[in-house]
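Here is the structure we will look at.
The values are calculated or read from the model by the stated rules, or taken from the named source; none is laboratory data. The structure presented is a predicted model; accordingly, all values stated were derived computationally and were not measured. In this analysis, Cβ positions are derived from the backbone assuming ideal geometry, glycine residues included, and neighbour counts consider all displayed protein chains.
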Amino acid sequence: MLIAGPTASGKSALALELAERIGGTVINADSMQVYDALRILTARPNPDEEARVAHRLYGHVSIRTSYSVGRWLEDVAQVLTETRAAGRVPIVIGGTGLYFKALTEGLSPMPDVPDDVRSGVRARMAEEGVEALHADLMARDRHTALGLRPTDPQRVARALEVLEATGRPLSDWQSEPAAPPLVEPGTARRIVLWPERESLRARIDARFDAMLEAGALDEARAVMDMDLDPDLPGYRAHGVRPLIAYLRGEITLDEAAERTMAETRQYAKRQFTWFRHQMGNWERVAPGEKATDVVSGLP
């Protein structure tokens, strides 16, 4: 079973209830919940919830690591095999649309980028800025550059890294035939939680307040003390940068809270757009629907 949905829509609670009811294992498909140092700020299931049923691919990656959809696909393939061998029902949940797309449609092969190439591109990014690197990419791989915002450092850097490492544009790699999907059409129920927008905004704001009470500041301080490369994917988790800015005395806590809630709302908006255009044939389910109702629709 596959359960997607925007952040703060209640996916984890539904998956937990389902897993208890049908003998399932909850498998993470959220690109931030994979990181070990970010339990609170990424709203990972808490230890009590993890003790109730098996949870996989949560917090299994060091925040110092640049984890990718390709690596997740390798990890989830093994977990799906193990879950089925144990006689349990896989329940894959998360808000990262690209993970679900790779799972159900396959993923084009992507090359490994050597560390020295990656560090060289990142050094150029720090010295010259993202717009200069985007201009370089435009001159060398116009097709890829046209599809990227000139202000998107992560994707611009990735495209240049692939070009430098292989001599082939990223667009060429992306056009390669995709590997077979791990989940074939018709073999699993596919649902997207679809909350009402204003209700979701309220849930996002309330959840961040709860995160602060649960120790989000301590978690942000621990990340700050690691002195991480700010370009690492885990550093982009909502709340990390604003709370670190507060801890450094650069902004007030109220400002950090407002920035975090605003960026989370914007992320939810982008998730809705992805689900609408990329997963339009998935069944929409209202948050709060009981597990009994969802179970009744299982194949």
Can you tell me which of (1) part of a helix (DSSP H, G or I); (2) surrounded by 15 or more Cβ atoms within 10 Å (Cβ to Cβ) is the one residue 148 doesn't meet? (1)
Taking region 254-269 and keeping residues in contact (Cβ under 8 Å) with a residue 24 or more places away in the chain and of a type outside the set (Gly, Ala, Ser) leaves 260, 261, 263, 264, 265, 267
Looking at region 39-95, which of the residues that are free of Cβ contacts under 8 Å to residues at least 60 places away in the same chain and among the small types (Gly, Ala, Ser) is farthest from residue 179 (Cα to Cα)? 51
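Look through 139, 132, 202, 165 and report the one residue that is assigned by TED's automatic domain parsing to the domain that holds residue 99, surrounded by fewer than 18 Cβ atoms within 10 Å (Cβ to Cβ) and assigned to a helix (DSSP H, G or I). Before the answer, list the steps.
On the way: 139 fails: assigned by TED's automatic domain parsing to the domain that holds residue 99; 132 fails: assigned by TED's automatic domain parsing to the domain that holds residue 99; 165 fails: assigned by TED's automatic domain parsing to the domain that holds residue 99.
Of 139, 132, 202, 165, the one residue that is assigned by TED's automatic domain parsing to the domain that holds residue 99, surrounded by fewer than 18 Cβ atoms within 10 Å (Cβ to Cβ) and assigned to a helix (DSSP H, G or I) is 202.
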Being small (Gly, Ala, Ser) and either under 30 Å from residue 188 (Cα atoms) or in contact with a Lys or Arg (Cβ under 8 Å, 6 or more places away or on another chain) (or both) narrows it down to one of 280, 239, so name that one. 280
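So which residues in region 168-199 are aromatic (Phe, Trp, Tyr) and in a loop (DSSP other than H, G, I, E, B)?
Filtering region 168-199 for residues aromatic (Phe, Trp, Tyr) gives 173, 194.
The answer is 194, and nothing else.
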Tally the residues that are assigned to a loop (DSSP other than H, G, I, E, B) and either surrounded by fewer than 13 Cβ atoms within 10 Å (Cβ to Cβ) or not aromatic (Phe, Trp, Tyr) (or both), restricting the search to region 246-287. 10
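Residue under question is residue 221, and the condition is that it be within 30 Å of residue 90 (Cα to Cα) and either surrounded by fewer than 20 Cβ atoms within 10 Å (Cβ to Cβ) or of a type in the set (Gly, Ala, Ser) (or both); does it hold? Even if it seems obvious, please write down each step before you answer.
Numbers: within 30 Å of residue 90 (Cα to Cα): no; either surrounded by fewer than 20 Cβ atoms within 10 Å (Cβ to Cβ) or of a type in the set (Gly, Ala, Ser) (or both): yes.
Spelling it out, it is not the case that residue 221 is within 30 Å of residue 90 (Cα to Cα) and either surrounded by fewer than 20 Cβ atoms within 10 Å (Cβ to Cβ) or of a type in the set (Gly, Ala, Ser) (or both).
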